[in-house]
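Worksheet: the structure to be examined is printed underneath.
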Amino acid sequence: MADTRPFLPVSSSDGSIPSEPLANRRKPMKVQLSIFFGLLTVGLLAALLTSNNGSDFVTDNEHGPLVSSTTATTKPETLQAVSRGPAAGVSEKSNRLFADENTVAFPWNNSMLSWQRTAFHFQPERNWMNDPNGPLFYKGWYHFFYQYNPHAPVWGDIVWGHAVSKDLIHWLHLPLAMVADHTYDKSGVWTGSATFLPDGKIVMLYTGSNADAVQVQNLAYPADHSDPLLINWVKYSGNPVLVPPPGILSKDFRDPTTAWLTSEGKWRFSIGSKINKTGVALVYDTKDFINYEKLDGLLRAVDGTGMWECVDFFPVSKTEENGLDTSVNNPDVKHVMKVSLDDDRHDYYAVGTYNEKNVTFIPDDPEIDVGIGLRYDYGVYYAAKTFYDQNKNRRVLWGWIGESDSEAADLQKGWASVQSIPRTVLLDKKTGTHLLQWPVEEIDSLRLNSYEFNQVTIQAGSVVPLEVGPATQLDIMAEFEIDKEALEKATGSNVTFSCSSSGGAIERGALGPFGLLVLADDSLSERTPVYFYIAKGSDGNLKTFFCNDQSRSSVAPDVKKQIYGSMVPVLKGENLSLRVLVDHSIIESFAQGGRTVITSRTYPTKAIYGAAKLFLFNNATEAGVSASLKIWQMNSAFIRPYPNLDNKSQ
Amino acid sequence: MTKIISLLVLQVLFCFTFFPLSYSSNSLVETTCKQTPFFDLCVSTLESDPQSSTAAVSGLALIAAKSVNAKASATLYQISTLLGSATDPNLKKALSGCVDSYNTIIKTDIPVAVEAIEKNNPKFAVGSATDAGNEAQRCEDGFGGKSPNSPISDSNKMVHDLSVILQSIASLLL
């Protein structure tokens with residue numbers, strides 16, 4: 001007889017599919033009766049405990065405690081990071097399929113799907129995009145290249161897309177920069193980085209997956225350096241310039257970084273790889289980008305982190321609030337090494353010291369070494385890459401934001417992926433351990449009318465609607481103050497908190513959660529909480545967490561429902577501050593000036609267009625919170641093809 | 001009596017001759033399948049393809065992808081046949097949803113997985129395999145436990161489990 005239960009993941013101890021049914025035996029009457037009553041009790045309990053959807057929050061500033069819905073019996077497990085050991089990962093992996101997507105496909109209609117397209121985030125007109133490539137500023141234009149599938153809204157047939165902008169916000173699409181037209185990139189024109197030569201010329205080093213699917217490095221450069229739009233690119237006739245070295249597998253050799261000058265006048269750069277399960281950064285020197293010398297040392301290696309994709313390596317000033325050219329190296333700088341981990345699809349960075357002579361990068365704190373410590377972004381964010389913007393003397397960061405819905409929905413809507421708003425990157429001088437990321441200031445040019453709210457009180461267990469008009473394109477700046485008495489009086493405990501393993505915004509603590517409900521409908525049946533949670537240890541010390549809860553972001557079951565976030569350092573005297581960019585299906589949230597950042601993709605079915613609203617909420621049990629906010633409506637960036645391109649001489 | 005004993009001896013000899021042989025061959029298949037939650041299904045699926053005895057892990061991943069495709073195609077045929085003769089509106093609705101799910105698996109998920117494995121960018125194969133398993137689940141859940149029950153549970157479970165196997169093997173390539 002067919003098994004009609006949902007396909008429960010099989011535990012690792014039972015590697016086989018269920019086979020023959022148990023032999024039928026006549027059970028004694030007693031046992032049958034007790035089984036029957038047992039089931040009845042369970043059924044009754046289940047009926048009692050199942051929540052009615054939507055009324056988890058009390059609305060309109062009522063003072064009653066929030067009704068927290070108990071977890072429905074079919075709540076999926078929160079997705080944990082893939083473990084680094086293969087054996088331990090087996091049952092996790094079988095759970096992964098259904099950890100955060102379940103039940104029926106949602107009947108997405110065109111109205112819901114077309115709402116999802118962003119108004120001011122970079123995305124091509126259609127189809128699939130992934131990694132940012134070779135960003136640079138040249139002759140008055142910011143250039144952005146990207147991994148692109150011209151044929152479908154899923155990964156494949158990868159080539160380089162291209163767009164330009166005067167201000168990193170208003171983008172104009174250009175023709176494809178490079179396609180897979182040589183044996184050395186036949187299987188894919190993959191990620192690469194640009195380097196400026198002293199005479200101002202550009203060289204692009206990129207990975208080609210060649211006709212045999214071997215990863216090689218190729219050189220390309222603009223066909224015409226006098227063309228400010230850099231439309232045409234030429235590939236060096238002697239490509240590939242680098243092939244996988246001995247000891248490195250042909251499938252583990254990709255994503256060369258921007259090069260930096262050594263004191264000997266050579267160019268140096270890194271390529272990520274792995275040796276068994278140890279992620280490594282290989283180092284090469286070159287004088288001409290044609291002949292290369294592989295250095296013996298590894299810039300850094302960290303056990304158990306797996307393949308290092310999209311390595312990025314750059315200096316940050318210890319004293320100044322501007323960016324530094326990639327070649328800068330002196331006692332006033334620290335270096336940052338960043339990697340994208342293939343194993344868990346997250347971007348990690350570490351702050352440390354670069355020694356040119358020894359060819360080493362030593363992190364300041366080995367406990368938070370490359371790949372095991374801080375992340376750029378605790379949500380959906382990968383393959384990030386920085387460039388030095390010589391136009392405004394800043395270091396600018398790009399990051400790929402994939403979809404969190406089903407491939408079927410991507411096929412239906414005809415596109416997949418956006419880029420984050422470019423962010424400036426600075427060393428956080430106050431902590432010394434974190435980087436500060438902040439949307440580039442040019443985004444302020446999109447601000448339209450604003451709404452100010454001063455010292456709004458949100459009692460423990462309440463929700464306050466914010467009247468801001470349409471709530472799908474917003475720039476929100478907020479500061480929160482929590483009741484000081486409550487902070488002192490709260491009892492500490494040893495229980496460790498983490499956003500991802502918590503019950504989300506409905507799990508009440510003494511001092512949190514509190515924050516914003518973004519993309520929420522009036523009845524709050526759909527909402528995305530972006531919030532703080534303060535945990536008090538048994539030693540009285542306070543730890544602040546910053547989270548984004550997707551679990552009730554949409555009634556559609558076929559979208560990811562994880563809770564993202566991390567601890568955020570809050571220093572003495574600092575208020576809790578938050579900036580949130582809401583742009584249809586993407587939410588970018590910055591806590592404490594960008595010390596901790598979370599990007600998420602949200603696909604509401606009801607909280608769309610005019611029905612999307614914004615609320616403040618405070619689900620703490622013991623503390624009142626007051627919030628001051630300034631909120632702007634955001635204009636579209638009108639990203640579109642470059643006009644009249646055919647008239648330009650090519 | 002002696003006949004029985006000699007039969008037994010023959011039996012034992014038979015086992016000891018052939019058992020170690022089958023035990024030692026295809027150890028890459030077995031090591032690989034141990035890292036999936038469906039060991040027996042994985043082994044039988046991979047070994048049904050003669051190439052599995054000489055394939056590397058990426059080759060085994062491709063065999064796994066082919067098996068998902070084959071089972072999904074057969075299931076799609078099954079669904080179309082059922083749809084042709086169905087009269088119950090709930091059944092028809094669920095079966096139509098399944099057509100969509102299986103089209104996604106066959107036309108998108110598997111081709112993306114194959115390309116990702118062949119071009120050595122396995123994380124996209126992991127993602128697509130996950131998606132394929134989800135689509136099989138979605139198809140099954142479309143029958144919602146209401147009457148009539150799903151007529152294709154076995155097939156959906158098979159496609160789901162084969163997708164999990166593909167996902168697990170592709171993860172080994174990361």
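Here, each number is a calculation from the coordinates, and none is a lab measurement. Just so it is clear, the structure is predicted and the values come from calculations on it, not from any experiment. Glycine also receives a Cβ, built like all others from the backbone with ideal geometry; neighbour counts cover every protein chain displayed.
The trypsin sites (Lys or Arg not before Pro) of the stretch A:321-372 that meet both conditions, a loop assignment by DSSP and at most 12 other Cβ atoms within 10 Å of the site Cβ, are A:Lys357. The fewest-to-most ranking of A:Asp344, A:Asp522 by surrounding Cβ atoms within 10 Å reads A:Asp522, A:Asp344.
Dipole magnitude for the stretch B:28-172: about 240 debye, using +1 per Lys or Arg Cβ and -1 per Asp or Glu Cβ, origin at the Cα centre.
Determine the sum of side-chain charges near A:Thr183: Lys and Arg each +1, Asp and Glu each -1, restricted to other residues whose C-beta is under 12 angstrom from that of A:Thr183. Taking every Cβ under 12 Å from that of A:Thr183, the sum is -1.
Relative to the globular-protein estimate of 2.2 N^0.38 Å, the Cα radius of gyration of the stretch B:28-172 stands at 1.06. For the residue pairs A:Lys186/A:Lys274; A:Lys251/A:Lys385; A:Lys536/B:Lys123; B:Lys34/B:Lys71; A:Lys287/A:Lys334; A:Lys318/A:Lys536, alpha carbon separations beyond 27 Å are given by A:Lys536/B:Lys123; A:Lys318/A:Lys536. For A:Asn575, the shell of other residues with beta-carbons less than 9 Å away shows a net charge of -3, using +1 for Lys and Arg and -1 for Asp and Glu.
Within a straight-line Cα-Cα reach of under 16 Å, A:Lys613 can be paired with the following lysines, leaving aside sequence neighbours fewer than 8 residues apart in one chain: A:Lys630.
For A:Lys560, a cut-off of 13 angstrom between C-alpha atoms picks up these aspartates and glutamates, skipping any fewer than 8 places away in its own chain: A:Glu77, A:Asp100, A:Glu101, A:Glu403, A:Asp405, A:Glu407, A:Asp549, B:Asp131.
Please list, by residue number, every one of the GluC sites (Glu not before Pro) in the stretch A:221-324 that is coil in DSSP and has at most 11 other beta-carbon atoms within 10 Å. Could you put the intermediate results ahead of the total?
Details: sites: A:Glu264, A:Glu293, A:Glu309, A:Glu320, A:Glu321; in loops: A:Glu264, A:Glu320, A:Glu321.
Here the sparse-neighbourhood loop sites are A:Glu264.
Across the options A:Leu516, A:Gly593, A:Tyr642, the greatest Cα extent toward the positive end of the charge dipole of the stretch A:511-650 (unit charges at beta carbon of Lys, Arg, Asp, Glu) belongs to A:Tyr642.
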